[in-house]
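Where a number appears in this text, it was derived from the coordinates with a stated rule and is not lab data. Quick caveat: nothing in here was measured; it's all calculated off a predicted structure. Glycine gets a Cβ as well: all are built from the backbone with ideal geometry, and neighbour counts include every protein chain shown.
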Amino acid sequence: MRDLFVLLTAIAGMSLLAVPAQGQTIWSRPYQPNQIALEAIVPDLPADDASVASGAAFLTATRSLNDNVELAAELPVARYATDDASTAVGNPYVGFGLSSSSLPILLELGLRIPATPTNEALQAGRRADMGRTAAFRDESVAPSVLLNGRLPLGRRASLRLRSGLTYASAERTGTDGTENRWRLPYSAQLWWNGERFMTGLSIAGRPRLSSSSPDRTTHRAVVSVMLDGARVQPGLLVGTGLDPLVQDGRFAAVAGLTVSLSYGR
């Protein structure tokens, strides 16, 4: 325990976190308070009739109530674009981020409110849903606890680590019972701050701990680039699923556009 305390103190001494790391979304400008972010993600869908207009969009807003408390909210929407297109609103997220004044850590406490209907758009939404708690699952209210840490790696680089637990229950198909679902969302992001651009290399996943069903786990590797503007930060990301490395399947690509707007305190 003493060694852990010394390690955390050393990390804090290298770089105190003056503002909280942003809650929920990990694809906008990191470590920036008071943001409105829009992400449009297009996944590789197996169906031949789905166009590139299929995918999901996530609108996220954060607001720092003071130096240590941040409010975050997110609205996800999915679309399955065919001759008979369908749209679905995902499970909205609300939560708080609690940051330390002396250590570069952020604790996220949040929940998703069930709102997902049953239609084809859910398939596109689930394949585009990455780096966050599950937004397109037919479940009850899903609370989450996530811990973020920031480790500086020189003047321009930093490592953001994030992991925790989420819980939800869902009705079992064809039975009167429910299934308890524990998930372990995680991400590791290496960020490089250039003169004009920020570049990120991320590994993100959301394994399910309490079931052996085929959709129990998702893992992805993503490269993201964004223009480091003073107020507006547009960017793009490309990535691939990593699940075929440990189970049967194919590597599924994903791409997206992001834009975040920073506003005053």
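Using label points projected 7 Å from each Cα along Cα→Cβ, tell me how many nm separate Asn66 and Ser169, to one decimal.
If labels sit at Asn66 and Ser169, their model points lie 3.7 nm apart.
Round to the nearest 0.05 the FRET efficiency obtained for Thr118 and Arg196 when R0 = 51 Å and r is the Cβ-Cβ distance. Please list the in-between numbers first.
Details: r = 45 Å, r/R0 = 0.88.
Calculated transfer efficiency: 0.70.
Calculated FRET efficiency, Val225 and Ala53, Cβ-Cβ r, R0 22 Å, to nearest 0.05?
Details: r = 23 Å, r/R0 = 1.04.
Calculated transfer efficiency: 0.45.
Using the Karplus equation 6.51 cos²θ - 1.76 cosθ + 1.60 (θ = phi - 60°), what ³J(HN,Hα) coupling, rounded to whole Hz, does each residue of the range 222-228 give in order, writing x for Gly and Pro?
Computed from phi, the couplings for the range 222-228 are 9, 10, 10, 9, 9, 6, 8 Hz.
Relative contact order for the range 46-137: what percent, with Cα pairs under 8 Å and sequence separation of 6 or more?
Details: 201 pairs, mean separation 24.6, N = 92.
Normalised by residue count, the contact order of the range 46-137 is 27 percent.
Per 0.36 nm of contour for each residue apart, how much would the distance between Leu98 and Thr178 grow if the chain were fully extended, relative to their Cα-Cα spacing? Could you put the intermediate results ahead of the total?
On the way: separation 80, 0.36 × 80 = 28.80 nm, distance 3.23 nm.
Here the answer is 25.6 nm.
If each residue of separation counts as 0.36 nm, what is the full-extension length gain between Thr87 and Tyr263 once their alpha-carbon separation is subtracted?
Values: separation 176, 0.36 × 176 = 63.36 nm, distance 3.03 nm.
In short, 60.3 nm is gained.
Cα gyration tensor of the range 100-169, axes a ≥ b ≥ c as square roots of the eigenvalues: rounded (a/c below 1.5), prolate (a/b > b/c) or oblate? Show your work: numbers first, answer last.
Working: a/c = 4.44, a/b = 1.96, b/c = 2.27.
Oblate is the answer for the range 100-169, as a/c is 1.5 or above yet b/c matches or exceeds a/b.
Check Leu71: other-chain or 5+ apart residues with amide H under 5 Å from its amide H, H built from backbone geometry?
Placed amide hydrogens put Arg63, Ser64, Leu65, Gly97 under 5 Å from Leu71.
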